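Remarks on the structure that follows.
The values are calculated or read from the model by the stated rules, or taken from the named source; none is laboratory data. Here the structure is a predicted model, which means the values were calculated and not measured. Note that each Cβ is placed from the backbone with ideal geometry, even for glycine, and that neighbours are counted across all protein chains shown. SASA here: full protein model, heavy atoms, side chains in, ligands and nucleic acids out. Shrake-Rupley method; radii C 1.70, N 1.55, O 1.52, S 1.80 Å.
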Amino acid sequence: MSKILAIESSCDETSAAVCVDGKILSNVIANQTIHENYGGVVPELASRVHQQNIVPAVQQALAKAKVNKNDIDAVAFTRGPGLLGSLLVGVPFAKAFALAQNIPLIDINHMQAHVLAHFIAEEQPAFPFLCLTVSGGHTQVVLVKDYFDMEIVGQTLDDAAGEAMDKTSKILGLPYPGGPLIDKYARLGNPDAYKFPEPQIPGLDFSFSGLKTSILYFIRDNVAANPNFIRENINDICASVEKRIATILLNKLAKAAEIYGIKDIALAGGVSANTGLRQGLLSLGEKNGWRCFIPKLEYCTDNAAMIAIAGYHKFLNGDFVGQDVVPLARMSV
Ligand code: KG4
Ligand code: ZN
């Protein structure tokens, strides 16, 4: 029997989850709306809101799972990568909980956890598989050889895919985070209305900064000619931007699948919630005979359930850390 409490506080979601014998019984996510008007996460504000949210989130996660805190066997927590001020709320909380209950601590790499979210579902990918992990801070093609044996075979040289979504939405005057709004407007638009360039980056790496600049100039020039351009064409703009971001990602993923001869292909991270990207992967998978794995929406964006499932697999290995563990703002898979 194992009952694991998991804590996630790497960015702007405070989340707590309870996992019993590898099954997620609760996954409480407190979103922060305070950043909406700033065009991005303000680290100091995120840290303060984590402090307000963490105790209620843990209490709710335990109550929802109907698990008493005295029955928890281990605490898993996000050690990094993330915003230091945010990690500095979740990490000491996890340490204090483990110390008070005299139970082991399990440190989890947030990017590995996004990948391991695929082991929450009944149907799971087989090792080795490829995972395109796309979030607000990262864009990685990961060769997943085992639960904790992952190799980044391609990554962004500048902006992350989520950042490209968020910066586009900022240019369009939409609130942060823009990804979900671009998704919403894109559903109503024509993805072929406007053509944005595909960067020619060799190998499996990505670049999004050139695309961002071309979107910026495109909007600037069109607004100069017609001040209502954005309002009149928001659906087509979002659909076209979304299509270009998705094709950049999927073309590299297809290349990686060919190079490594792998047919189990997964998506992970916040941007994997994107409808166009999800649909794009499924049709590419059909064409190439892949088995495609796409997380449920609640496991795409930051959540503690993915920390809990990663923690469960470390728990099985007896892979614990001491009370001297510190957060790592930069941490590779
Ligand atoms: O994984 P995540 O929750 O946090 C990080 O670890 O960064 O990813 C957040 C990112 C943001 O850039 C957000 O705009 C994007 O995921 N995102 C989406 C959608 N939902 C979240 N992007 C496109 N379409 C969505 N539906
Ligand atoms: Zn994340």
Would you calculate the separation in nanometres between label points at Glu122 and Thr275, each defined as 7 Å from the Cα along the Cα-to-beta-carbon direction?
-> 2.7
Got the relative contact order for region 251-333 handy, in percent, Cα pairs under 8 Å and 6 or more residues apart?
-> 28
In Å², what does the accessible area per residue of region 285-333 work out to with a 1.4 Å probe?
-> 52
By what distance, in whole Å, do the Cα atoms of region 1-66 stretch along each of the three principal axes, largest value first?
-> 44, 18, 14
Under a plain spin-label model, where a point goes 7 Å from the Cα along Cα-to-Cβ, how far apart in nm are Leu297 and Ile34?
-> 2.6
Radius of gyration and Dmax over the Cα atoms of region 227-333, both given in Å = 18.6, 61
Which listed pairs, of Lys145/Lys252; Lys184/Lys287; Lys69/Lys296; Lys212/Lys296, have C-alpha distances above 21 Å, in listed order | Lys184/Lys287; Lys69/Lys296; Lys212/Lys296
Quick one: what are the phi-derived ³J(HN,Hα) couplings along region 145-152, Karplus 6.51/-1.76/1.60 with θ = phi - 60°, whole Hz, x for glycine and proline?
-> 8, 7, 3, 10, 10, 10, 10, 7
Just tell me the longest site-free run in the chain, where the sites are trypsin sites (Lys or Arg not before Pro) in a DSSP loop having at most 14 other beta-carbon atoms within 10 Å.
-> 67-186
Compactness check, region 124-294: C-alpha Rg relative to the 2.2 N^0.38 Å globular estimate gives 1.04
Average the reciprocal distances over every distinct pair of alpha-carbons in region 62-213, invert the result, and give the Kirkwood radius in Å.
-> 18.6
For the chain, what relative contact order do you get, as a whole percent, if you take Cα pairs closer than 8 Å and at least 6 residues apart?
-> 25
Report the relative contact order of region 45-149, percent, no decimals, based on alpha-carbon pairs under 8 angstrom and at least 6 residues apart.
-> 21
Can you work out D for the chain in µm² s⁻¹ from Stokes-Einstein, where Rh is the Kirkwood radius over C-alpha pairs, the temperature is 25 °C and the viscosity is 0.890 mPa s?
-> 121
Antiparallel bridge percentage (DSSP; both residues within the chain; nearest 5) | 60
Going residue by residue through region 112-122, the Karplus relation 6.51 cos²θ - 1.76 cosθ + 1.60 with θ = phi - 60° gives ³J(HN,Hα) values, rounded to whole Hz and with x marking Gly or Pro, of 5, 5, 4, 5, 6, 4, 5, 9, 7, 6, 5
Carbon and sulfur %, accessible surface of region 124-294 computed with the full protein complex present, 1.4 Å = 53
Cross-link partners of Lys170 among aspartates and glutamates (Cα-Cα below 16 Å; sequence separation of 8 or more within a chain) | Glu36, Asp159, Asp183, Glu242
Sequence-distant lysines (8 or more away, or on other chains) whose Cα lies within less than 19 Å of Lys66 | Lys3, Lys23
